[in-house]
């Protein structure tokens, strides 16, 4: 049975794992970060007050890590929400929100294009529920396009200092056919930890699957620093994974 590595916790990749197991893959999940969510009363009241003051408020959500706050806020279920991709949009739908839009390609730049080209009924105020660290500056870029934008940090990711011993042992037993990486920061940390644990050589026969063009480009640069893969490709170009994200 072919092995595939998902660089997320089991909790955050349940649906993907189930899909891959059905495709006859042995799935192994190894998180690179732990997430601390800021869902305290002060933060929740801050968001609710913004909506009470401005009923034309529009939300931007680029990670399911932000949904912990959204699930506790008393919003009109018809509030306009922009999500980074289909899976995040579906998770928002499960919370009862029905007016959710997302780009066909799951990435920040495509979401930005969707927002800029959207036909708003009035002049909206955008609220970006984001993590402490971001790679795409929605607020700065949208402000330059004339939008009113605020942002609120509702979670942060904390780098793990080591791979688990279970994972280190597993890598040395059999090669992973595929390694799925979801962000540039994840790729950087994966490289550092693989180097720290002397595991770089065990991925030369693996295919790296990057969630975006930028991850793929970054992986090709890192391949010059001894993080070599047999193949590097974008998730949307992978026949199997493309089915899951369609």
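Every number here is computed from the coordinates shown, using simple stated rules; none is lab data. The model shown is predicted, which means the values in this text are computed figures rather than measured ones. Here the Cβ positions follow ideal geometry from the backbone for every residue, glycine too, while neighbour counts run over all protein chains shown.
Quick rundown of the values:
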item	result
Label-point gap, in nm, between residue 230 and residue 153 - each point 7 angstrom along Cα→Cβ	4.2 nm
Near-label residues of the stretch 6-37 by backbone N, under 12 Å of a point 7 Å along Cα→Cβ of residue 161	none
Extension gain (nm, one decimal) between residue 121 and residue 245, 0.36 nm per residue minus Cα-Cα	41.6 nm
Additional length obtainable on full extension of the chain from residue 55 to residue 78, 0.36 nm per residue less Cα span	7.2 nm
Three principal axis lengths of the stretch 156-229 [C-alpha, angstrom, descending]	31, 31, 19
Read-out Rg and Dmax of the Cα atoms in Å, derived from the coordinates shown; its label in (i) 19.4, 63; (ii) 24.2, 88; (iii) 19.2, 59	(iii)
Most fluctuating residue given options 140, 210, 85, as computed from a GNM of the chain linking Cα atoms under 10 Å	140
Fraction of antiparallel bridges per DSSP, the stretch 36-157 only, in percent to nearest 5	10 percent
Full-extension gain in nm, residue 213 to residue 10, via 0.36 nm per residue minus C-alpha separation	70.6 nm
Neighbour-count ranking [beta-carbon atoms within 10 angstrom, fewest first] of 102, 25, 118	118, 25, 102
Kirkwood hydrodynamic radius of the stretch 93-140, from inverse mean 1/r over distinct Cα pairs, in Å	12.7 Å
Surface/4 of the Cα convex hull for the stretch 36-157, nm²	6.9 nm²
Cα-based helix-to-principal-axis angle, 213-222 vs the chain, degrees rounded to 10	40 degrees
Degrees between helix 41-53 axis and first principal axis of the chain (Cα, 0 to 90, nearest 10)	50 degrees
Residue 237 paired with residue 98, simple spin-label distance in nm, labels 7 Å along Cα-to-beta-carbon	4.1 nm
FRET efficiency estimate (nearest 0.05) - Cβ-Cβ, residue 201 to residue 71, R0 41 angstrom	0.40
